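The values are calculated or read from the model by the stated rules, or taken from the named source; none is laboratory data. Just so it is clear, the model here is predicted, and its values are computed rather than measured. Cβ coordinates were reconstructed from backbone atoms using ideal geometry, including for glycine residues, and neighbour counts include every protein chain displayed. Just so you know, the surface numbers come from the protein's heavy atoms only, side chains and all, with ligands and any DNA or RNA stripped out. Shrake-Rupley method; radii C 1.70, N 1.55, O 1.52, S 1.80 Å.
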Amino acid sequence: MPNFVLLNNVAHKNLCVIRDYAPHYGDNEMSAVTFPQEFRAIQNEYPIFFRKNPETGKFLTVALLGLRQNENLFLSDSGWDAQYIPASVKRRPFLIGIQPPRPDQDANQPNRMVYVDMDSPRVSEAQGERVFLPHGGYSLFLEKMVAALEYIQYGTDLSELFITELLNYDLLEVVTLDITLKNGERNNLTGLYTINEEKLSALNGSVVAELHSKGYLEFIYMLLASHSNVVKLIARLETRLQNQ
């Protein structure tokens, strides 16, 4: 279980973060949360689908990294084998936490604070990128991580608006990936959702114009285009099995 604590330059003055990618760092996951503003980069390499958060029941968008549980087909002996790594992966072991505003602050402006998972295998005091400078200031690495967290926060808000719009027009449908490999192994991926293209085509012009004006139409088409990457995932898995 993660052990997130508020980051500070006193308790964590010697904190370092290992930036390698490998199964023992927790990177052997078959999917990663992704955000609409990074769809353009994601759709070049990963299939994008919707899933429901099992805790909240809300939809979120994910990039498929593998076809079997606890398997990331983009991990290799040399690290992450892709030109783009999802933002939700790169931000580890940090996240943004929301704290209530102080009495002297605007009630609509909660404080966003940086937390670090002290139980993450990436956390070290002996190797990796230093989080704080010797005098206590942010290192360049931490500044980049804070920018990444802000990017994710923006993406989280944008994703919620995007998905709400899709639900308003009943554009999501369940999809199952039933994949049979050359060796006869079958992989059945359930719990995925995508855009119902028939309903999308039936939308009237004013709705399409509205989706376009908000940038959502572009997100939709990039998401649909990304599904061709399922074939590439299968090829990666076939190659991995052949090399075992």
Picked from region 129-181 (must be β-branched (Val, Ile, Thr) and closer than 18 Å to residue 62 by Cβ), the residue most open to solvent (accessible area, probe 1.4 Å) is 174
Selection within region 182-192 - within 24 Å of the chain's Cα centre (by Cα), open to solvent by 20 Å² or more (accessible area, probe 1.4 Å) and not polar (S, T, N, Q):
191
If you scan region 76-98, which residues turn out to be modelled with pLDDT under 95 and open to solvent by less than 20 Å² (accessible area, probe 1.4 Å)?
79, 97
Report yes if some residue within region 66-75 is farther than 20 Å from residue 187 by Cβ, assigned to a loop (DSSP other than H, G, I, E, B), open to solvent by 10 Å² or more (accessible area, probe 1.4 Å) and not β-branched (Val, Ile, Thr); otherwise report no.
no
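Out of all the residues in region 216-228, which are in a loop (DSSP other than H, G, I, E, B) and surrounded by 14 or more Cβ atoms within 10 Å (Cβ to Cβ)?
Going residue by residue through region 216-228, those that are in a loop (DSSP other than H, G, I, E, B) are 227-228.
Matches in region 216-228: 227 only.
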Search result, residues across region 9-62 that are in a helix (DSSP H, G or I), surrounded by 21 or more Cβ atoms within 10 Å (Cβ to Cβ) and aliphatic (A, V, I, L, M):
42
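Yes or no: region 193-204 includes at least one residue that is of a type in the set (D, E, K, R), part of a helix (DSSP H, G or I) and open to solvent by less than 70 Å² (accessible area, probe 1.4 Å).
no
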